[in-house]
Amino acid sequence: DALFMVLSYKSKRGRKWEPDDFFRTGTQEVEQDLISIRRVYPQLTFGKALDFGCGVGRLTQALAEKFQEIHGLDVSPQMVKMAYQYKKYPNKCSFHAIAANKLEIFPNNYFDLVYSKITLQHIKPVYSKQYIAEFTRVLNPGGILYFQLTSEPTELTKPATFYQQVKSFLPPRINEFLRDLKYRNRGRIDMYGIPKEEVITLLQQNGITLMEIQPDPITGPNWHGFIYCGVKRKF
């Protein structure tokens with residue numbers, strides 16, 4: 001159920017997404033994001049764009065409506081295969097399956113926009129930080145980096161329940177075993193976060209001037225998250 005795995009609306013579980021409706025959500029989301037970007041950075045140019053964590057191309061297709069060249073990257077070869085099946089813009093839209101923590105298929109200073117939604121939150125911070133650094137490398141000076149990332153579970157800002165207190169005393173391996181046991185008959189996607197202050201420092205160290213940080217409710221009530229919008233400094 002690939003479309004549900006990309007956009008997990010409860011009412012769409014069980015292959016209930018109609019492809020046209022599914023991709024229409026991408027068009028609407030990208031239009032709103034581009035409005036947000038151009039509000040703080042009207043100089044955005046629509047040359048080359050990167051969609052990191054593209055899945056089946058929900059947002060990549062929408063970006064292709066605006067940009068001259070768009071590349072979608074995903075860790076799943078099956079998702080990339082499906083993205084090619086759905087592809088509407090063969091002359092300017094390409095998809096790539098990668099499992100490395102570097103974006104070596106692209107040179108320095110290549111993209112006018114690097115864009116990522118609902119992806120970095122599923123990658124361990126040791127790797128997502130490397131990807132963020134790579135985003136800045138492949139971004140043109142004057143280009144925009146726009147991505148969403150969770151920061152920490154909301155439970156960390158609330159009084160701990162008895163169950164959470166017990167978990168905090170257990171070794172990580174025991175907690176992982178209990179989690180595997182809980183989800184043994186269901187698929188699960190792990191969630192990770194990086195505190196906002198760490199993300200800001202990482203971006204600044206890699207030549208990004210932040211234009212805006214907005215709270216992001218997309219991850220629901222259990223996580224705090226933000227959308228980061230920054231421009232690569234011209235040296």
- [ ] Could you look through the range 161-181, keep only residues that are open to solvent by less than 70 Å² (accessible area, probe 1.4 Å) and in contact with a helix residue (DSSP H, G or I) (Cβ under 7 Å, 6 or more places away or on another chain), and pick out the one that is modelled with the highest pLDDT?
- [x] N175
- [ ] Output the number of the condition that S151 fails; it satisfies all remaining conditions of (1) modelled with pLDDT of 95 or more; (2) within 20 Å of the chain's Cα centre (by Cα).
- [x] (1)
Open item on the list: Among the numbered criteria (1) open to solvent by less than 50 Å² (accessible area, probe 1.4 Å); (2) at pLDDT below 80, which one does L203 miss?
Closed with: (2)
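The values are calculated or read from the model by the stated rules, or taken from the named source; none is laboratory data. Note that this is a predicted model, so its numbers are computed, not measured. Positions of Cβ are generated from backbone atoms using ideal geometry, with glycine treated the same way; all protein chains shown enter the neighbour counts. Please note that ligands, DNA and RNA were not included when accessible areas were found on the heavy atoms of the full protein model with its side chains. Shrake-Rupley method; radii C 1.70, N 1.55, O 1.52, S 1.80 Å.
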